[in-house]
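A.B. asks: Got a structure here, written out as structure tokens. Questions coming.
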Amino acid sequence: MLQFEHVSFSYRDAPVLQDVSFFVDAGERVGLIGANGAGKSTLMKTALGLLTCDGTITVDGVVVQPKNLPTVRQALGYVLQDSDNQLFMPTVLEDMIFGPINYGVPRAQAEERADAVLQQLGISHLKHRHNHSLSGGEKRLAAIATILTMEPKAMLMDEPSTALDPKNRRRLIHTLNAMHVTKLIASHDLDLVLETCDRVILLSHGQVVADGKAKEILRDKALLEANDLELPFCLTEPPK
Ligand SMILES: Nc1ncnc2c1ncn2[C@@H]1O[C@H](COP(=O)(O)OP(=O)(O)OP(=O)(O)O)[C@@H](O)[C@H]1O
Ligand SMILES: [Mg+2]
């Protein structure tokens, strides 16, 4: 579903991604972890064609390049780290149905989908709210609701739990686990990664330093600490 082959990217002269290669099969649930500045968001932006890189990225068999971007973005639902830029219609509902209607789904059906997603995320009360009046966590949920309504083949989520209160974070985890689509989730919330992903890719200074079972990598204290990370809270022993 997602293929990164020898992907490198630099902002001006500063290399950010260095020869990154990995495949994500259809239906896989992959966490992307790494310290601040490791290159997680940059990697997601290259997959969406927002940044142009060296190497080849393929989404569902389609090479990410300018002429293919409409197809790539139809296949990929994405939540960027800064979801402020993602909501552009006046209200939450209009944002949610914009994509599906654009791809030919009748309005009534798009609204039905939107209602189901709003209910699943527990935010039906936000349906007619103006995007600019939402709180930080509400914006995050609205951005997530928008991509869920698209029913994409794969989802790229950059820090999906940021700004969510514990109950909404828990609902998000349930929602993600109930959706059987390919997922690549970048997050510092390693407990969320442990609960929602089977595989983890660890990035450090723009390079893949580990790629394997989530349960193994997220329990490997030495590996995590060597890459400026810490064990998930649920695996941390209480202080004596
Ligand atoms: N627009 C930009 N111009 C120049 N450098 C940038 C730009 N955006 C990011 N960088 C640099 O690229 C590197 C990787 O940034 P990126 O946002 O991909 O990291 P990240 O792993 O997502 O970090 P975080 O965990 O803080 O979100 C960092 O050193 C960052 O300072
Ligand atoms: Mg980031």
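A.B. asks: Of Ala210, Ala214, Ala178, which residue is among the small types (Gly, Ala, Ser), over 15 Å from the mean Cα position of the chain (by Cα) and at pLDDT below 95? Walk me through how you get there before you give the answer.
C.D. replies: Working: Ala210 fails: at pLDDT below 95; Ala214 fails: at pLDDT below 95.
Just one listed residue meets the conditions, Ala178.
A.B. asks: Can you go through Thr42, Thr52, Thr46 and tell me which one is loosely packed, with under 14 Cβ neighbours inside 10 Å, among the polar types (S, T, N, Q), within 16 Å of ligand 1 (Cβ to nearest atom) and at pLDDT 90 or above? Reasoning before the result, please.
C.D. replies: Values: Thr42 fails: loosely packed, with under 14 Cβ neighbours inside 10 Å; Thr46 fails: loosely packed, with under 14 Cβ neighbours inside 10 Å.
Unique residue meeting the criteria: Thr52.
A.B. asks: Looking at this structure, is His174 surrounded by fewer than 18 Cβ atoms within 10 Å (Cβ to Cβ) and in contact (Cβ under 8 Å) with a residue 40 or more places away in the chain?
C.D. replies: Taking the combined requirement at face value, the residue does not satisfy it.
A.B. asks: Looking at (1) closer than 30 Å to Ala226 by Cβ; (2) away from ligand 2 (no atom under 16 Å from the Cβ), which one does Lys45 not meet, given that it meets all the others?
C.D. replies: Tallying (1) closer than 30 Å to Ala226 by Cβ; (2) away from ligand 2 (no atom under 16 Å from the Cβ), Lys45 fails exactly one: (2).
A.B. asks: Do the conditions hold for Asp13, that is, is it free of Cβ contacts under 8 Å to residues at least 60 places away in the same chain and either surrounded by fewer than 14 Cβ atoms within 10 Å (Cβ to Cβ) or among the polar types (S, T, N, Q) (or both)? Don't jump to the end; show me each part of the working.
C.D. replies: Values: free of Cβ contacts under 8 Å to residues at least 60 places away in the same chain: yes; either surrounded by fewer than 14 Cβ atoms within 10 Å (Cβ to Cβ) or among the polar types (S, T, N, Q) (or both): yes.
The answer is yes for Asp13.
A.B. asks: Would you mind finding the one in Met150, Met157 that is in contact with a strand residue (DSSP E or B) (Cβ under 7 Å, 6 or more places away or on another chain), closer than 17 Å to Leu87 by Cα, more than 16 Å from ligand 1 (Cβ to nearest atom) and not polar (S, T, N, Q)?
C.D. replies: Values: Met157 fails: more than 16 Å from ligand 1 (Cβ to nearest atom).
Residue meeting the stated conditions: Met150.
A.B. asks: A follow-up question, please. Could you check segment 121-151 and list, in sequence order, the residues that are polar (S, T, N, Q) and within 19 Å of Tyr78 (Cβ to Cβ)? Give the steps one after another, and end with the answer.
C.D. replies: Keep residues of segment 121-151 that are polar (S, T, N, Q), which gives 124, 131, 133, 135, 146, 149.
Asn131, Thr146, Thr149, listed by residue number.
A.B. asks: When you look at Leu164, is it aliphatic (A, V, I, L, M), crowded, with 19+ Cβ neighbours inside 10 Å, out of contact with any Ser or Thr (no Cβ under 9 Å at 6 or more places or on another chain) and assigned to a loop (DSSP other than H, G, I, E, B), yes or no?
C.D. replies: On the way: aliphatic (A, V, I, L, M): yes; crowded, with 19+ Cβ neighbours inside 10 Å: yes; out of contact with any Ser or Thr (no Cβ under 9 Å at 6 or more places or on another chain): yes; assigned to a loop (DSSP other than H, G, I, E, B): yes.
For Leu164, the condition - aliphatic (A, V, I, L, M), crowded, with 19+ Cβ neighbours inside 10 Å, out of contact with any Ser or Thr (no Cβ under 9 Å at 6 or more places or on another chain) and assigned to a loop (DSSP other than H, G, I, E, B) - is met.
A.B. asks: Somewhere in segment 176-183, is a residue under 19 Å from Leu76 (Cα atoms), part of a strand (DSSP E or B) and within 16 Å of ligand 2 (Cβ to nearest atom)?
C.D. replies: No, that holds for no residue.
A.B. asks: Within segment 46-90, can you find the residues that are within 15 Å of the chain's Cα centre (by Cα), over 21 Å from Ala163 (Cα atoms) and among the charged types (D, E, K, R)?
C.D. replies: If the condition is that a residue be within 15 Å of the chain's Cα centre (by Cα), over 21 Å from Ala163 (Cα atoms) and among the charged types (D, E, K, R), then Arg73 is the only one that fits.
A.B. asks: Just to be sure before I move on: is Val200 of a type in the set (Val, Ile, Thr), within 16 Å of ligand 1 (Cβ to nearest atom), crowded, with 18+ Cβ neighbours inside 10 Å and in a strand (DSSP E or B) in the structure I sent? Give the steps one after another, and end with the answer.
C.D. replies: Details: of a type in the set (Val, Ile, Thr): yes; within 16 Å of ligand 1 (Cβ to nearest atom): yes; crowded, with 18+ Cβ neighbours inside 10 Å: yes; in a strand (DSSP E or B): yes.
Spelling it out, Val200 is indeed of a type in the set (Val, Ile, Thr), within 16 Å of ligand 1 (Cβ to nearest atom), crowded, with 18+ Cβ neighbours inside 10 Å and in a strand (DSSP E or B).
A.B. asks: Quick check on Thr91: is it surrounded by 12 or more Cβ atoms within 10 Å (Cβ to Cβ), more than 27 Å from Ala26 (Cβ to Cβ) and not aliphatic (A, V, I, L, M)? Spell out how you get there, then give the answer.
C.D. replies: Working: surrounded by 12 or more Cβ atoms within 10 Å (Cβ to Cβ): yes; more than 27 Å from Ala26 (Cβ to Cβ): yes; not aliphatic (A, V, I, L, M): yes.
Considered against the rule, which asks whether it is surrounded by 12 or more Cβ atoms within 10 Å (Cβ to Cβ), more than 27 Å from Ala26 (Cβ to Cβ) and not aliphatic (A, V, I, L, M), Thr91 comes out as yes.
A.B. asks: Let me ask you something else. Quick one: which residue in Arg219, Arg170 is part of a loop (DSSP other than H, G, I, E, B) and either more than 16 Å from the chain's Cα centre (by Cα) or at pLDDT 90 or above (or both)? Spell out the reasoning first.
C.D. replies: On the way: Arg170 fails: part of a loop (DSSP other than H, G, I, E, B).
Going through Arg219, Arg170 in turn, just one is part of a loop (DSSP other than H, G, I, E, B) and either more than 16 Å from the chain's Cα centre (by Cα) or at pLDDT 90 or above (or both): Arg219.
A.B. asks: Report yes if His205 is under 15 Å from the mean Cα position of the chain (by Cα) and within 16 Å of ligand 1 (Cβ to nearest atom), otherwise no. Full working, then the answer.
C.D. replies: Values: under 15 Å from the mean Cα position of the chain (by Cα): no; within 16 Å of ligand 1 (Cβ to nearest atom): yes.
No; evaluated as a whole, the condition is false for this residue.
The values are calculated or read from the model by the stated rules, or taken from the named source; none is laboratory data. Here the structure is a predicted model, which is why all the values come from computation and not from measurement. Every residue, glycine as well, gets a Cβ built from its backbone with ideal geometry; the counts of neighbours run over all protein chains shown.
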